[in-house]
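These notes are about the structure you will find just below.
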């Protein structure tokens, strides 16, 4: 969990705030309590805004605005003047703490949707039984300037797109829940994963493939899915993939919490002080 505690740093303000309920009871000091509650909502709104793409001084903007992350940012009240703004989003934790360099070959070929290559007999003996995973990559189409559109890491070059857009489409024969990605019907088959578990897989009706004549070309093998399903390439990561391939780069930590605290702290204390002055009529 990533959290921000909402409290008062100033020694004098802190003493006054925490003594008010003891002296007058929790139902008094309405302006101070309102200021505190509004401060908590302010921190929450600033954090949510950053998650949706708004800037915060002292920290870089989020790379991909994320409504799910924004919705996960909540307020938990512990007392009259004690609250925390928090999220249990794994995505936010990765942003805040960063991620180390990762060899995908050590984990991806062994997950739930992994597959195992068939064992075949050769002159050298039996081969196969290698765990692997098929990784799909979706491609964006070029805009009028020949550049990529928002939200796509890859986009098709203009000249290639002239050919690819005319290819015979491929079709996924399984029916899939758009929200969960789980198969709900259609034409499928069962195939075991690395752990020996039977996994339901979709069948496909394949159309044309974009052949560049170079297997190292990222656009090679691209298919066009029917029904506006977009353009896709598929790559295999296996236990036996070359040692120098399929590495995720380390991602440095982004201290969003620290920047947010620095941004809101003076405003919170000003609001609390104004509330105290109103309640104490000073």
| message | Given the options 169, 141, name the one that is surrounded by 12 or more Cβ atoms within 10 Å (Cβ to Cβ), touching a residue at least 40 places away in the same chain (Cβ under 8 Å) and under 30 Å from residue 63 (Cβ atoms). | response | 141
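Grab the strands (runs of 3 or more DSSP E) fully contained in the stretch 98-151, keeping just those with 3 or more residues being modelled with pLDDT of 90 or more and closer than 17 Å to residue 237 by Cα. Don't jump to the end; show me each part of the working.
Numbers: elements: 120-122, 125-127, 131-139.
Correct list: 131-139.
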| request: Give the residue, chosen from 75, 85, 95, 156, that is in contact with a strand residue (DSSP E or B) (Cβ under 9 Å, 6 or more places away or on another chain) and outside the structural domain of residue 258 (by TED's automatic domain parsing). | output: 156
| task | Go through the stretch 190-217 and give me each residue that's free of Cβ contacts under 8 Å to residues at least 60 places away in the same chain, assigned to a strand (DSSP E or B) and closer than 22 Å to residue 108 by Cβ. | result | 190, 198, 200, 201, 202, 204
| Residue match in the stretch 83-96 (condition: surrounded by fewer than 15 Cβ atoms within 10 Å (Cβ to Cβ) and more than 14 Å from the chain's Cα centre (by Cα)) | no
| message | Can you find a residue that is surrounded by 13 or more Cβ atoms within 10 Å (Cβ to Cβ), free of Cβ contacts under 8 Å to residues at least 24 places away in the same chain, more than 14 Å from residue 264 (Cα to Cα) and touching a helix residue (DSSP H, G or I) at 6+ places or on another chain (Cβ under 7 Å) anywhere in the stretch 33-46? | response | no
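The values are calculated or read from the model by the stated rules, or taken from the named source; none is laboratory data. As the structure is a computational prediction, the values presented were derived from the model and not from experiment. Quick reminder, even Gly has a Cβ in these numbers, built from the backbone with ideal geometry, and neighbours come from all protein chains shown.
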